[in-house]
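Here's the structure we're looking at; comments come further down.
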Number of protein chains: 2
Amino acid sequence: MTPDSSSRNTKRVTITDVARHAGVSTAAVSKVMRNAYGTSPAMQERVRTAMAELGYRPHAAARGMRGRTYTIGVLLDNVRNAFFADVLDGIHEELQDSEYTVLIGAAGFGADEQARTIRSLVDRQMDGLVLIAPGTPRAEVLATAQATPTVVIGHHDASDVHDSVVDADDVGAGLVVDHLVALGHRDIALVAAAGSRTGRWQRTPEIALADGYLRAMDRHGLAGHARVHHAAYSDDGGHAAGLALLSGPDRPTAILTGADVAALGIYRAADELGLSIPADVSLVGYNNTAIASLAPVQLTSVDQAGHTMGATAARMLIERVEGRRDRSMQTTMTPRLVVRRSTGAPHVR
Amino acid sequence: MTPDSSSRNTKRVTITDVARHAGVSTAAVSKVMRNAYGTSPAMQERVRTAMAELGYRPHAAARGMRGRTYTIGVLLDNVRNAFFADVLDGIHEELQDSEYTVLIGAAGFGADEQARTIRSLVDRQMDGLVLIAPGTPRAEVLATAQATPTVVIGHHDASDVHDSVVDADDVGAGLVVDHLVALGHRDIALVAAAGSRTGRWQRTPEIALADGYLRAMDRHGLAGHARVHHAAYSDDGGHAAGLALLSGPDRPTAILTGADVAALGIYRAADELGLSIPADVSLVGYNNTAIASLAPVQLTSVDQAGHTMGATAARMLIERVEGRRDRSMQTTMTPRLVVRRSTGAPHVR
DNA sequence: CGGAGCGTGTAGAACGTTCTCCATCCGAAC
DNA sequence: GTTCGGATGGAGAACGTTCTACACGCTCCG
């Protein structure tokens, strides 16, 4: 009797209502919406005003049953990595004036969790997917891409079934090593993600990075000084790596990391050990996120143009979704070194 | 003729396939899935194995046409605010083992954009919505909540149509003022968001914060020293506010802000003006995000328990979605002050 | 022995779109 | 004045679920 929660029954305006109001068939309304062939300007006009007058909004689920949902799904592992925010901004900007909506699935670092999230996105009939450095096995991503247009950001492994947008991580690592060597460093360590070999990805960002690092060290005749330490790209991951590297007897004079977040964890570790940056240790991040430029931080980092990567990925994806391109493509961005106050000449011991 | 993109036709396993495989009707399968009344254990068993054998996954769009989509939509203005990440973590954790999926709509700061995003979420048949400090007019939120279960985080305005989770921002402001006064400060400024009065929200977080600040200043007999400066909760917003406040002749000895992000902007401004923190100016953030505790930052901040807020919101929302509660409720969390190195006794000039 | 009542399962109509035909109209060409 | 063909609009069948209504068989009770 009371007007309780059963009052959640505000009937939606449907295509049928619009059709009736405009005095045409539902098929006609549908055609106008999708601006398909076979509609006169006069009818379009009538239908459009009817839609406006009734405040019609298409029902995405119903659309999903037959056609598109006009929704793009983005998978990322964690929201805290500011680099992803840059990528997202790029995606949003590109899709701003289109009729597509972006929905984000934040999955965490676990491969299972990520796989579940990808499946969720597919089940919800996303028209296209952007996967940012997915941790799921490659086979699974390929299977998904088979059914839904997909752009993979980060992994260098190309495929004829999905598009890719990557940063030339190996080049980036080279830039950093060159910079540090020029400052006089020889003992340069790399802290990078472990990179799940199990997933059968041959060239994840961290593998490319390590590769570039090792090649650069070699080029400078410092192959003997090279060492790679694995850590998760998070504050805690960096902290643990920092403690391990900096508390040993042969501590490096410079550390290069694969992510700014991790660099900040190392910063914290250094602080706890009474070491100051860059006096005792030089530190270089990757991604050039907003935190890197923050006043108290001033982290030397490698800029990856996350914004552009996101925008590019979105553009590529829409081309595929709308069937304007039928073969896969890869885009590689060139990184740039941004020198700030966290690097300097090594202390003479 | 070539196996091109038309090979995107991997037929989905549908409920009909499962039904046939198990030798029952589709209605039966549907019942088992929703574990509705009227299914024998024997049949459940058969259906479940059939689903497993065929690798069946329900089609969310189809579900959305009649029943639920098992999807929760979260609206936030920007991904960069680490406080939101905490909230998201809480939501995720709470929903971890349920069959609900969380999808995030990142809308930006504009009211229009946010309204559009909310509509997108509704059109995609989300079962429930979590709106984090929405900038859309209150009326619009109420209308949405009328049709879809909704939890609003942040705004103190209660409503009988949606649930709320808030932080006692006024209390938090009081804690900070008390702390600063105890250190010897008298000239304490507040930097907070403008708070769109147009939206008809009576008590946004920033209004509550300003309120608590003014009352606390008054309590200490410092009403004459109180001043509120408006700024967007972003790095740039804080930077601008910082420059304005700190370059004037009567610069405050302490600044309290409504968000850590903004505090970091002020930090940058101070740095540019050659002022050091806390020697020249004490600085206090709000949210106690991960950045606040970062080694080079060490920002005194107010902890808002974002994680708990998120988890609580999710729990409340699911109760509503599943119809286990039919009246609205509000939850208020008590903030806690976390003192770090960005506050100290004022310099005697 | 004739229901009533319960437990179990099914038929089939929604739900709001898209999209493939098909019907009609109109003008031009023969 | 017939035929052809293009342009325009509509009928109606999908799409994969949910859920109401009902059918069937059993047991229990009077």
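A few remarks follow.
- Looking only at the range A:298-312, residues that are of a type in the set (S, T, N, Q), modelled with pLDDT of 95 or more and crowded, with 20+ Cβ neighbours inside 10 Å come to 3 in all.
- Residue within the range B:158-165 that is within 11 Å of chain A (Cβ to nearest Cβ) and among the acidic types (D, E) present: yes
- Scope the range A:46-83; condition among the hydrophobic types (A, V, I, L, M, F, W, C) and touching an Asp or Glu at 6+ places or on another chain (Cβ under 8 Å); matching residues: A:L54, A:A60, A:I72, A:A82, A:F83
- Residue pairs whose Cβ atoms lie under 7 Å apart, separated by 6 or more positions or on different chains, with the first residue in the range A:215-235 and free of Cβ contacts under 8 Å to residues at least 40 places away in the same chain and the second in a loop (DSSP other than H, G, I, E, B) and open to solvent by 50 Å² or more (accessible area, probe 1.4 Å), are A:H225/A:R186; A:H230/A:A194.
- Filter result (in contact with a helix residue (DSSP H, G or I) (Cβ under 7 Å, 6 or more places away or on another chain) and facing chain A (nearest Cβ under 8 Å)) within the range B:74-98: B:V79, B:R80, B:A82, B:L88
- Some residue of the range B:178-193 being open to solvent by 10 Å² or more (accessible area, probe 1.4 Å), more than 20 Å from B:G344 (Cβ to Cβ) and either outside the structural domain of B:F84 (by TED's automatic domain parsing) or in contact with an Asp or Glu (Cβ under 9 Å, 6 or more places away or on another chain) (or both): yes
- Any chance B:A173 is in contact (Cβ under 8 Å) with a residue 24 or more places away in the chain, open to solvent by 10 Å² or more (accessible area, probe 1.4 Å) and not aromatic (F, W, Y): no
- Within the range A:279-294, the set of residues being crowded, with 24+ Cβ neighbours inside 10 Å and assigned to a loop (DSSP other than H, G, I, E, B) comprises A:V281, A:G285, A:Y286, A:N288, A:T289.
- Filter pass, B:T101 being over 29 Å from B:P335 (Cβ atoms), open to solvent by less than 30 Å² (accessible area, probe 1.4 Å) and either more than 11 Å from every other protein chain (Cβ to nearest Cβ) or over 10 Å from the mean Cα position of the chain (by Cα) (or both): yes
- Count of residues meeting criterion [crowded, with 22+ Cβ neighbours inside 10 Å, within 12 Å of another protein chain (Cβ to nearest Cβ) and not in a strand (DSSP E or B)] in the range B:105-126: 8
- Tally of residues being open to solvent by 10 Å² or more (accessible area, probe 1.4 Å) and either farther than 14 Å from B:V191 by Cβ or in contact with a helix residue (DSSP H, G or I) (Cβ under 6 Å, 6 or more places away or on another chain) (or both) across the range B:248-257: 3
- Residues of the range A:333-349 satisfying the condition of being open to solvent by 40 Å² or more (accessible area, probe 1.4 Å) and within 14 Å of another protein chain (Cβ to nearest Cβ): A:R340, A:R341
A quick yes/no check of all residues on (1) under 22 Å from the mean Cα position of the chain (by Cα); (2) within 14 Å of chain A (Cβ to nearest Cβ); (3) open to solvent by 10 Å² or more (accessible area, probe 1.4 Å):
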{"site": "B:Y267", "(1), (2), (3)": "no, yes, yes"}
{"site": "B:P296", "(1), (2), (3)": "no, yes, yes"}
{"site": "B:R315", "(1), (2), (3)": "yes, no, yes"}
{"site": "B:R320", "(1), (2), (3)": "yes, yes, yes"}
{"site": "B:T331", "(1), (2), (3)": "yes, no, yes"}
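- Number of residues in the range A:22-38 that are near DNA strand D (Cβ under 7 Å from one of its atoms) and among the aliphatic types (A, V, I, L, M) equals 3.
- Per the conditions (1) within 16 Å of DNA strand D (Cβ to nearest atom); (2) in contact (Cβ under 8 Å) with a residue 60 or more places away in the chain, the sole criterion not satisfied by B:M126 is (2).
The values are calculated or read from the model by the stated rules, or taken from the named source; none is laboratory data. What you see is a predicted model; the values in this text were computed from it and never measured. Positions of Cβ are backbone-derived with ideal geometry, glycine not excepted, and every protein chain shown enters the neighbour counts. The accessibility values were calculated without ligands, DNA or RNA, using every heavy atom of the protein model including side chains. Shrake-Rupley method; radii C 1.70, N 1.55, O 1.52, S 1.80 Å.
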